[in-house]
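Q: The following block contains the structure, expressed as C-alpha cells.
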Amino acid sequence: SFPVKGVSFQLSLYLLPVLILAFRHTRLLLKRNSSTILCLFICFSLPLFLSELWSSIFNGVALSGDPFEIFWRLALFPLVLVAACDYSHFSLRWLQNSFVLFAVIYGTVGIAGLLLHTSLNGRPLGARAVGVINNPNPFGLLMIVAFLICFQRLFETVSKKEIFIFLPACLLLLTAGVLSGSRSTLLGGVLGLMLLLFLQREDLIPFFVNKNKLLIFSGSIMLLFILAWLLWHSPLSYLPARIIGVFDGDTRDVRLQIWQHYLGFVRENPLLGTSFGAENRFHLRGQVYYGPHNMYLSVLVHSGIIGLSGLLLGLGLLIKRAISLKLHDRSLCLALLLLLCVFCFFNAPLYGNEMSQGVFAMIVIMIVGGDSLAKE
C-alpha cells in the first residue's frame, strides 16, 4: 500500500505543473518570470546539485534526488501556482484568504488532537500541538504566518462582518501557534508583528481619530494579550517550560554540541559540503539527531560556502523584490521574511518537510505574485 499523503503530494508536485504548462497563457507568464525561476534555482538548488555530483563522482555516494525536489518545491512550483491563479483570475487577496482558511482548519485539528490526547492519556511532559504531520515546528510556522496575514486584514477592515471573521481567526491561530510550543516561531512572530506595525504605522492613525475604529483596534489587541496570558499560564501550554529551558546550561550545551559536530562535516569539504546521501546521524545522550536543526548550518553542511552564499543571496533577492512592492504587500512580505529568517536559525524548513516548504512557497507567491496577480 502507498502512503496517501506522500502519493497525493508527489502527484500535485509533478503532474500539476505539467498540466498547467500546456496552456499558452501560462507559458507566457512563466516566461516573464523566467529570471525569478533561474535565480531561485541558482540560489537554492544548484549548489546542492553540485555537492551531490561531487560526492557521487569522487566519493561513490549514491546520487540523491533532494536537489531536484527542492528545485520543484521552492523554485518552479510557486511560479506555477502564480500562473494558475493568474489564468483563473484569482486575486492575491483570494489566495491569502484561502491560505488563512486552510490554516484555521488545520489549527483546529491540531488543537483538537492535543485536547483529545490530553483527555485520553493525561498530559505527558512535552505534549505539543502537531497537526496531521506530527511535527510541531512546521505546524507553528503555518499558524503564525497565517496569523500575521490575518492580523493585517483585521486592522485594515472596515466592516463588522470582516471583524467577526478575522478576529476569531486571529485568536484561534495564535492559540494553535502557542500550543505548538515552537520557540523560534513565536520569537519570529513577535519580531514580524513589530515590523509589520512599524511599517504600517501611518495606517494606524485612523484608529486613533475614529472612535469606533479605536474601540475595534484596542479591543482586538486587548483580547490577543488576554489570550496570550491565559495560554502562558495554561497547563496545556508547554511553551513556558521550553523558553525556561533555553537558559538551562544542559540545553545550551546540547545544542552547541550538535552544531559543533556538524561543523566538522564542513571542514571536510568547505566549498561544496557533504551530500545528503552521506551518513550524518549524530548520537548524543541517548538521542539520535539528523541534521543540526539550523537552516544556515544545514546548507553549509550539505552544499558548503557556495550553498550558504546562494541561500543568503536568494533571501536577499526576495527581500529586494518585497521592498519594491506597494506598502500593503511590502509590509506583510517583509514581516513574513523576518519570521522565516528567525525560524531558520533553529530549524531547517527548506529540507525534507512539505509543510514548511509549502509555507515558504506561499511567501514566494505573495512576493512574486504581488505584481502578476490582480489585487481584487
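Q: Residue separation times 0.36 nm, minus the C-alpha to C-alpha distance between residue 163 and residue 183: what's the value? Could the numbers behind the result be given before it?
A: On the way: separation 20, 0.36 × 20 = 7.20 nm, distance 2.87 nm.
Stretched out fully, the residue 163 to residue 183 stretch lengthens by 4.3 nm.
Q: Would you list 170, 341 from fewest to most Cβ contacts within 10 Å? Display every interim value, and only then the final one.
A: On the way: 170 25, 341 17.
By the 10 Å Cβ count, ascending: 341, 170.
Q: Another question, if that's okay. When the Karplus curve 6.51 cos²θ - 1.76 cosθ + 1.60 is applied with θ = phi - 60°, which whole-Hz ³J(HN,Hα) does each residue of the range 143-150 get, with x for Gly and Pro?
A: Listing the rounded values in order: 5, 6, 4, 5, 4, 5, 4, 5 Hz.
Read-outs: derived from the displayed coordinates by stated rules, not from any lab. The model shown is predicted, which means the values in this text are computed figures rather than measured ones. Cβ: placed from backbone, ideal geometry, glycine included. Neighbour counts: every protein chain shown.
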